[in-house]
1. Among residues belonging to segment 596-616 that are open to solvent by 20 Å² or more (accessible area, probe 1.4 Å) and modelled with pLDDT of 95 or more, point out the one that is nearest to the chain's Cα centre (by Cα).
2. For a quick check of your reading: which strands (runs of 3 or more DSSP E) sit entirely within segment 145-234 and have at least 3 residues that are under 27 Å from the mean Cα position of the chain (by Cα) and among the polar types (S, T, N, Q)?
3. Please specify each residue of segment 78-90 satisfying the condition of being buried (at least 18 other Cβ atoms within 10 Å of the Cβ) and either assigned to a loop (DSSP other than H, G, I, E, B) or touching a Phe, Trp or Tyr at 6+ places or on another chain (Cβ under 6 Å) (or both).
4. Looking for whichever is over 30 Å from LYS380 (Cβ atoms), modelled with pLDDT of 95 or more and open to solvent by 40 Å² or more (accessible area, probe 1.4 Å) here; the options are LEU108, LEU143. Which one fits?
5. Looking at ASP765, is it touching a helix residue (DSSP H, G or I) at 6+ places or on another chain (Cβ under 8 Å), within 26 Å of ALA592 (Cβ to Cβ) and crowded, with 16+ Cβ neighbours inside 10 Å?
6. Which residues, counting only those in segment 176-200, are under 20 Å from LEU42 (Cα atoms) and open to solvent by 10 Å² or more (accessible area, probe 1.4 Å)?
7. Consider segment 359-377. How many of its residues are crowded, with 24+ Cβ neighbours inside 10 Å and assigned to a loop (DSSP other than H, G, I, E, B)?
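The values are calculated or read from the model by the stated rules, or taken from the named source; none is laboratory data. Being a predicted model, the structure only gives us computed values, none of them experimental. Neighbour counts run over all protein chains shown; Cβ positions are idealised from the backbone, glycine included. Just so you know, the surface numbers come from the protein's heavy atoms only, side chains and all, with ligands and any DNA or RNA stripped out. Shrake-Rupley method; radii C 1.70, N 1.55, O 1.52, S 1.80 Å.
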Amino acid sequence: MTLMAGLTIAAGMPPAAGAENSPAAAGDRTQILLNFDWKFHLGDIPRAQEPNFPDRDWKSVNLPHDWSVFGPFDKDAEKGASYGFLPRGIGWYRKAFPSPESGKRVVLDFGGVYSAADVWLNGTHLGKNYNGYLGFRYDVTDLLKPAGELNSLAVRADNSRLDSSRWYTGSGIYRDVNLIITDRVYIPIYSTWITTPKIAQDKAEVHVETVLTNSSSQAHDVTLTTNIYDPAGKLAATGNKSEHLTPGTSVTVKQDMVVAGPQLWSPETPYLYNSVSRMVADQRPCDLLETRFGIRTIEFTPEQGLLLNGKKVIVKGTNIHHDLGCLGAAAFDRGFERRLELIKAMGCNAVRLAHNPYQPSLLDMCDRMGILVFDEAYDKWSDQYTGPERPFKTAWPEDLRTFILRDRNHPSVFLWSLGNEQVNHQTTPPDFGVNQFKAMQALVKSLDPTRAVTCALFPVRGTGIRFNAKPKELFENSEPAEMSFAMDVVSCNYTEAFFARDHLKYPKLIFLLSEARTNGSGGDSWFNFDHAYTVGLFYWGGFDYIGESFKWPCKGWFRGFIDLAGFRKPGSYYVESLFSDKPMVHIAIQDAKPPSNVVWNDVKLNWEYLVSHWNWTPGQTLKVFTYSNGDTVELFLNNRSLGTQKMGSLKDLKMPWQAPFDTPQWASAPPTEGLKMSWEVPFAPGTLKAVAYKDGRVIAEDQIQTAGPATRLVLESDRPALKADGLDLAHITVRVVDDNGIMVPDAKQLVHFSVTGNGTNAGVDNGDMYSGESWQMNARSVYQGRALLVVRAGRKDGSVQIQANAEGLKPATLELPVRSSGAK
């Protein structure tokens, strides 16, 4: 089977450079952000929806907001391990806002509230939204007070249901809230769809479908003009079409245009076009919508896996969950942007958004940054996300439809996923989940026939055979899960050991490793399957995350490549050496701490603790790893060469998939020692340096040095300035260093932070999942010599001042500009 998807993807975004100079003409839509100056009360309270309810004593908060991350941690919380031992419950929000000009259509848009959210405007109940991962909106045109008068908005968020998730979700209004103001003749949300049915080197055919709606009481003659601008902002194509709209009707306008010399979207060249749709009714401008899109082809074949623009691309990805560490689930764009930057620094070209819809702005970032997206609608096919009041069996068609329409206009999205590890379905006869998958797949294909559809399979095989079946030959000789034969792409969690045999027996199946172990020092799963015919992999996971703890006092999953604070672990550099072409070398030391071994979801996991410092006991012999994409590494201790090692070659190694199938791959480790050079080094204080060569030429160096006694603090920001929008973030790393500026790895001082001026403390972290310190306080102990402070920008031009103090250490200060123009 071969699937082609030649499409351009659209997403409502800020104006593109050069696009009609992005005029704000009369009649254009207006979006007003309602994130600021809310009142919040934790706990249920009667009649709080009433307009005159006294909320003066409630806490003042700004959105996005997650109340659960404020804690406290509770060792005895019911199902606490799933939720990071943090509180759930019910919270109330209230806000007053003035009515916009009259005569317009006004929609109240929520990006996401976790979870069951009741909304009232001026005392009128607007509705209840159950799926906390999907946005929702209400037409409030007829409920607003006269222009300029204050309206009362109240939201009750109920996250008290304990089975709503297997990991940390956060609680409250954790995404943006907006008022969207349009004419009564308008383009509805998610109603523009752009595809490119034919792409050649000299031209691309662009097909645009746009829904136009007339909610007024009069008929209108409407003209839709669509201008397409290239990545440089130059007009590339234009189309016009007129329709007659009677009151209360909608029409889908179809336009075909040709773009000459198309610049193709890919991870290496994420070129974005901009479609500007202007709607005019009776010669009066009434709406304008901008849609970014990319031109590219997607094809899956059983012989080559993924072809992007006709060329094979191997997916090098990680899974992520949606919390941002110390910020909880509060969905700050800059928080996610930083995470994507860190993933790209590892050499990744893809991300799996596990296991729920993320905010659309994250997909905008992936479009812009060139990151392929495995876009996932669900975890389990159960009442998990919506609860018994809105059961899955009746809710999924509407929610899945919203998800597809919302995201189908992003070039980064290369594969739809309907869910994750349907263990109950996969082990239940007679159909083992096939009928549910086919029903959902059919709906997706009706909305977007251009993309492949999958579901990440739980690591069980056909007829529900599990890894611990007796005798063991039942599992080893098992068939693929029944759903595999209904999928466009077979996404398997951890069962890559079967790829080679299944490929030989069922050569039309297309395989993807949707979850790969980070066992050992991190990247070994990369060698467990043949890259020639497979799509690639997604490691579990890219980042540590809150929830899915093994036990108290650990607050979450600690087996990611990057810790909760966003500090890269040594294993991430091993992956970088495999994924990235950028010359690099990195030194890692095997810690004395014993490995962690568990069985989780039928998978054996082991975790080897690694560090990158040179503070040890004299005479101690250490196992040192050097990760590099060079062909040779030389190791020096205090300028004395310890010798060189040659990088092993894949063609010279016997990979597991080249051998006859004997035992599942998770029972053994692949023979990859030659691809992560190891050394036995007796410790001596000083400097350990690695030099990487390629073809006899130095391409990269890395060194670690012995630190002396701690003497001072150092503050470092991830950006030079902040945007004065109330939402931008700066991630400030505080390091404990010696007189020479070397970080002291065993430092444990409690650092006190002061944030003054035009910014606030949004959270603190240190990456230690076992810490009992709150993420929302003005102090944090350093872990392995460092900690993190996240500063949230204010809304006025000026600056923010940060000071860090710790007993016995010289303090550090930092000042960052806060300006309307932002960090650039």
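1. SER612
2. Details: elements: 150-159, 177-182, 192-199, 203-214, 220-229.
Correct list: 192-199.
3. Result: TYR83, GLY84, PHE85, LEU86, PRO87, ARG88.
4. Working: LEU108 fails: open to solvent by 40 Å² or more (accessible area, probe 1.4 Å).
Residue meeting the stated conditions: LEU143.
5. Values: touching a helix residue (DSSP H, G or I) at 6+ places or on another chain (Cβ under 8 Å): yes; within 26 Å of ALA592 (Cβ to Cβ): yes; crowded, with 16+ Cβ neighbours inside 10 Å: yes.
Spelling it out, ASP765 is indeed touching a helix residue (DSSP H, G or I) at 6+ places or on another chain (Cβ under 8 Å), within 26 Å of ALA592 (Cβ to Cβ) and crowded, with 16+ Cβ neighbours inside 10 Å.
6. Taking segment 176-200 and keeping what is under 20 Å from LEU42 (Cα atoms), we get 176-177.
Answer for segment 176-200, where residues must be under 20 Å from LEU42 (Cα atoms) and open to solvent by 10 Å² or more (accessible area, probe 1.4 Å): just ASP176.
7. 1
For (1) on the phi > 0 side of the Ramachandran plot; (2) surrounded by fewer than 22 Cβ atoms within 10 Å (Cβ to Cβ); (3) in contact with a helix residue (DSSP H, G or I) (Cβ under 8 Å, 6 or more places away or on another chain), each residue gets a yes or a no:
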| position | (1), (2), (3) |
| --- | --- |
| GLN776 | no, yes, yes |
| VAL790 | no, no, yes |
| ARG795 | no, yes, no |
| VAL800 | no, no, no |
| ALA806 | no, no, no |
| LYS810 | no, yes, no |
| VAL818 | no, no, no |
